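A short worksheet on the structure shown next.
The values are calculated or read from the model by the stated rules, or taken from the named source; none is laboratory data. Just so we're clear, the structure is a prediction, and the values are computed from it rather than from any experiment. FYI the Cβ positions are ideal-geometry reconstructions off the backbone, even for glycines, and counts take in every protein chain you see.
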Amino acid sequence: MRLIVRGDIDGLFGLALDNLILLLVLSGLCRFVLGFDDALLLGHVLPGAAVSLLVGNLYYSWQARQLAQRSGRDDVCALPYGLNAVTVFAFVFLVMLPAKLAAQAAGAADPARIAWQAGLLACFSCGVIEIVASAVAERIRRATPRAALLSTLAGLALAFIALGFLFRAYAHPLVGLATLAVVLVGYFGRVRIRGGLPIGLVAVALGTALAWGTGLAPTGPTPPPPSLHGPVPVIGDLLAGFHAGVLMTYFAVIVPMGLIIVVGSMQNLESAEAAGDRYDTRSSLIVNGIGSIAAAVFGSCFPTTLYIGHPGWKAMGARSAYSALSGLVVALLCFTGTLSVFTWLVPVEAGMAILLWIGIVMTSQAFQATPRHHAPAVVIGILPGLATWGAMMAKSGLHAAGMGQPGGEPFSSALVGKFLQSDVYITGAFALEQGVVFTAMILAATTVAIIERRFLIAAVWCLVAALLSLAGLMHGFAYSAGDTVLALSPAWDWVLGYLAMALVLAAAQGLTVADDAADAHG
């Protein structure tokens with residue numbers, strides 16, 4: 001396999017842009033929610049994140065080249081890797097913000113630093129969980145139907161990538177639709193631009209030009225001049241998190257987040273295998289965990305993960321170099337303080353069509369890489385992701401109306417009655433939002449077992465769902481001032497619901513017979 005191909009440039013734009021968007025999001029949360037100053041954010045958090053991205057992306061690039069060498073193929077695509085959006089928000093609002101508020105109440109001199117130390121420990125702990133879980137992850141992956149693993153990713157990709165960026169494309173139609181046309185022609189039309197220019201480069205260049213021409217760019221104030229911010233170990237601050245008892249205080253948040261990262265990584269490995277690239281589960285998860293540990297050691301509070309999107313990157317022609325290039329580019333921007341300059345020059349709108357296309361390909365793969373008769377299971381596995389997106393849209397609408405904002409009415413159970421007036425059962429959406437990765441995977445796996453008439457296996461999957469709900473990892477939610485969050489206590493209504501479902505399925509084993517007529521027509 002060649003060291004670099006044209007598709008790697010396309011992949012670089014997509015993967016680097018995805019990580020840059022999350023870096024901007026976490027920068028805003030750190031500044032305005034947690035109160036981090038520039039010395040902490042620019043000097044430790046961003047360089048630490050860059051180290052973790054560099055470690056993982058360089059490894060997964062090497063891993064792809066090793067697979068290509070063993071298999072004698074030149075179409076191997078590296079696993080995409082980056083920051084985890086779910087844990088960014090979870091760690092900010094469920095670990096670091098409570099730690100900051102508790103420090104303020106206790107009269108601490110620097111509550112923001114204490115919040116940062118709590119985040120470091122949470123990030124480090126997630127890395128340890130990933131490494132420990134790597135010993136059994138492959139067995140779990142092999143015991144789980146492919147439809148369950150891929151449909152979960154498809155639902156999240158469809159909702160949070162495809163629909164999110166479709167909204168954005170139609171909000172700015174000149175930029176959004178012009179770049180979308182370039183991406184669709186280049187990737188779905190399977191053509192090349194004369195002169196050999198990469199499709200991704202053309203799309204981003206056109207989008208940037210149109211954004212500047214229509215006033216979408218530049219965004220925000222002129223960024224400060226670049227300055228060097230090399231990575232510096234922060235072992236003392238990491239150990240301070242242990243001394244403060246953060247691990248026990250936020251154990252119920254850290255463990256679910258670590259498990260979600262492990263399950264998501266397994267799903268992404270299955271997605272890569274379905275696309276033709278089979279990677280070793282254990283080593284992939286170990287390096288993923290090492291990336292999170294490296295992040296914490298060098299000052300980042302945010303774990304890394306294997307990304308969704310491997311089939312999309314592979315379909316656009318990306319091979320091994322796009323991963324290494326993405327890590328190097330993001331590291332360079334963070335170490336030199338030019339991240340804000342880049343995002344000022346090249347707005348998100350310039351590259352959103354590439355990410356929209358990734359969401360489309362991920363959703364398509366869930367149907368293409370599973371047996372045709374498992375299609376209903378794929379649809380069921382997609383629905384929780386869409387429900388989660390709908391719940392977030394509903395809450396965003398409430399925020400826009402002033403609810404859950406400073407000075408406004410806080411979120412409470414009174415919302416349920418208001419939504420019911422419009423025949424919207426918002427309780428179900430809020431419940432599906434909590435533990436969505438587990439819910440989607442279990443519902444799809446249950447449906448596959450039912451399709452195969454293995455009703456006792458289906459009942460076992462429902463018992464797993466009941467146990468996770470009992471452990472507080474699924475469905476149970478509580479109201480905060482402006483959000484609904486995982487309650488981390490037994491969700492009894494759903495425990496009983498899954499137990500009833502398991503009883504029905506177990507009874508079906510002895511009370512039903514195969515319908516040969518239905519088979520003949522199905």
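Collect the residues in region 343-387 that are at pLDDT 90 or above, of a type in the set (Val, Ile, Thr) and under 18 Å from the mean Cα position of the chain (by Cα), keeping them in residue-number order.
Selection gives 382 alone.
Given the criteria within 27 Å of residue 90 (Cα to Cα) and more than 27 Å from the chain's Cα centre (by Cα), does residue 236 qualify?
So residue 236 fits the description; yes.
Select the helices (runs of 4 or more DSSP H) contained entirely in region 437-522, then report the ones holding at least 2 residues which are surrounded by 13 or more Cβ atoms within 10 Å (Cβ to Cβ) and not hydrophobic (A, V, I, L, M, F, W, C).
Qualifying helices (runs of 4 or more DSSP H): 492-511.
If residue 412 passes every condition in (1) touching a strand residue (DSSP E or B) at 6+ places or on another chain (Cβ under 6 Å); (2) buried (at least 17 other Cβ atoms within 10 Å of the Cβ) but one, which one does it miss?
(2)
Do we find that residue 284 is over 30 Å from residue 452 (Cα atoms), crowded, with 24+ Cβ neighbours inside 10 Å and not charged (D, E, K, R) in this structure?
Spelling it out, residue 284 is indeed over 30 Å from residue 452 (Cα atoms), crowded, with 24+ Cβ neighbours inside 10 Å and not charged (D, E, K, R).
I'm trying to understand the selection: among the residues of region 410-456, which are more than 17 Å from residue 151 (Cα to Cα), in contact (Cβ under 8 Å) with a residue 12 or more places away in the chain and not aliphatic (A, V, I, L, M)?
410, 411, 412, 413, 419, 428, 430, 434, 453, 455
Return the only residue of 39, 103, 68, 50 being assigned by TED's automatic domain parsing to the domain that holds residue 270, touching a residue at least 60 places away in the same chain (Cβ under 8 Å), under 18 Å from residue 238 (Cβ atoms) and of a type outside the set (S, T, N, Q).
From the options 39, 103, 68, 50, the qualifying one is 50.
Only one residue in 381, 417, 397, 404 is surrounded by 14 or more Cβ atoms within 10 Å (Cβ to Cβ), small (Gly, Ala, Ser) and over 28 Å from residue 510 (Cβ atoms), so which one is that?
Checking each option against the conditions leaves just 404.
Consider residue 166 against the criteria (1) touching a helix residue (DSSP H, G or I) at 6+ places or on another chain (Cβ under 7 Å); (2) within 17 Å of residue 268 (Cα to Cα); (3) surrounded by fewer than 23 Cβ atoms within 10 Å (Cβ to Cβ): it satisfies all of them except one. Which criterion is unmet?
(2)
Of the conditions (1) loosely packed, with under 14 Cβ neighbours inside 10 Å; (2) among the aromatic types (Phe, Trp, Tyr); (3) under 30 Å from residue 467 (Cβ atoms), residue 279 fails just one. Which one is it?
(1)
Within region 286-316, how many residues turn out to be at pLDDT below 95, in a helix (DSSP H, G or I) and aliphatic (A, V, I, L, M)?
1
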